[in-house]
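What follows is a single structure, written as structure tokens, with notes after it.
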Amino acid sequence: MRISNPALIMIILVAILLAVLTAHSQAQYSGGTGDPCTPWEIANIDDLHALAANTAHYGDCFILTADINLDPCLPGRQIYTTAVIAPDTDNSNNSAFDGTPFTGIFDGDGHRILNLTIDTQGASNDYLGLFGQTASPCQLKNLGVVDASITGEASSYLGGLCGSNGDTDLSGFRPGGTISNCYAIATVTDQDTLFDAGGLCGNNVGFISNSYATGNVTAAGASQNIGGLCGANWIQISNSYATANVTAVDGTWNIGGLCGSNWQQISNSYAAGSVTAGVSSQYIGGLIGRDYSASVGDSACRSSFWNNTVNPTLSGVGSANPDPAGVIGVTTAEMMTADTFLDEGWDLVSVWNIEEDQTYPLLRKYSALDTNYDHKIDLIDFAQFADHWLDGVE
């Protein structure tokens, strides 16, 4: 059949073009359409890099459908010099963020990003992590970043999961999104002066819940706001913890086991890693380095703990003496006792799990079987479980 109507021909051509463009956009990932019911599917490193490159999709919905190993020793992998997703694009602008923040939903669906390696290699790149900057209404959830190495050089805003959730830089206040059911096992290091570094998130201007960080956070130079979970908390942290070891050199300030500095609410959380800083350092705390919320009245910390066996020379809050009522120092033995936390109203049924005299509280979302508290479930855990079971049988 021959079509002679020019208008009809144009309509057919436009329809074909739209179909081709739609098919092309859908082919960028392993599936999905980017909406909440059918999120884009991230199944491999090519999908992850496609997301990273397409800032027009930073407000869409994504789901991780498999673990992705970013080990730079593997073929097709690399050592990144900026954040993978939503990086800062100009490191000369005085720590202000010049990229496009991620504002969508990224659901890890229980999967992990493995062996992420970022090294600025001498450049003063900021906003380092899997995500450089996230902003409201972003949701990061159900995601693990495992065996990450984040290394900066006079960099700011560093974390295993994200450099900054929201922002408080020179360009103004940008609210962050929510981080829930996420964790980072990471080594976060800066070779020179920095501010805002944490195991999970460098700077939090949003909401963190049911999340944790372990590993090591190390700062050099005249650094500030360094913490096991996040460097600075401006809004809210709940039901979260850090066992990361935090180390800073001479002349640093605001160094804490959970947060380096805190401006708002922290509740039902704890820190159990070692916290050390060099001479002439200020505001060093087992839980929080400097609690600004206490400067305008009572501290906004509630029912939160720190390990005074691991950090016997510190207070819970480096800027307070004595500690505020909601900041509680306990021994290692007490941190492995359910009554310690039940007395403060913690939910040990649906949120937390504790193996009496064996583990600190662990989030039930992840690690009820992690009986030796190394954030891995392996043969050692099963052997320990069997040993306890046999003790009970006897």
Output ordering of 103-111, 76-84, 126-134 (per-residue mean of other Cβ within 10 Å, highest first) is 126-134, 103-111, 76-84
Given unit charges at Cβ for Lys, Arg (+) and Asp, Glu (-), the dipole magnitude of the range 27-330 about its Cα centre in debye, nearest 20, is 700
Quick calc: nm separation of the 7 Å Cα→Cβ label points for Ala123 and Thr276 -> 3.3
Per the rule of 0.36 nm per residue minus the C-alpha distance, extending Leu342 to Thr313 adds in nm 7.8 nm
Most packed first (mean Cβ within 10 Å per residue), the peptides 212-224, 332-344, 312-324 order as 212-224, 312-324, 332-344
If each part is reduced to its alpha-carbon centroid, the range 311-327 and the range 64-104 end up apart, in Å, by 36
As a percent rounded to 5, the proportion of antiparallel DSSP bridges among beta bridges in the range 256-371 is 10
At R0 = 35 Å the Cβ-Cβ FRET efficiency linking Arg364 and Asn54, nearest 0.05, sits at 0.45
The rounded separation in angstrom of the Cα centers of the range 203-260 and the range 139-170 is 11
Shape call for the range 168-263, from the Cα gyration tensor axes a ≥ b ≥ c (a/c under 1.5 means rounded, otherwise prolate when a/b beats b/c, else oblate), comes out oblate
Honestly the range 245-360 on the Cα gyration tensor test (a ≥ b ≥ c root eigenvalues; a/c under 1.5 rounded, otherwise a/b vs b/c for prolate or oblate) is just oblate
Long-range share for the range 27-330, i.e. C-alpha pairs more than 28 Å apart as a percent of all pairs, stands at 30
Subtracting the Cα-Cα distance of Gln264 and Gln236 from 0.36 nm times their residue separation yields 9.5 nm
In nm², the average projected area of the convex hull spanned by the Cα atoms of the range 66-166 is 6.1
The range 19-135: antiparallel bridges as % of DSSP beta bridges, rounded to 5, reads 0
Taking a crude spin-label model, label points 7 Å out from Cα along the C-beta direction, the Asn93 to Cys37 distance in nm is 3.8
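Here, each number is a calculation from the coordinates, and none is a lab measurement. Values in this document were obtained by computation on a predicted structure and should not be read as measured data. Reconstructed Cβ throughout: ideal geometry from the backbone, glycine too, with neighbour counts over all protein chains shown.
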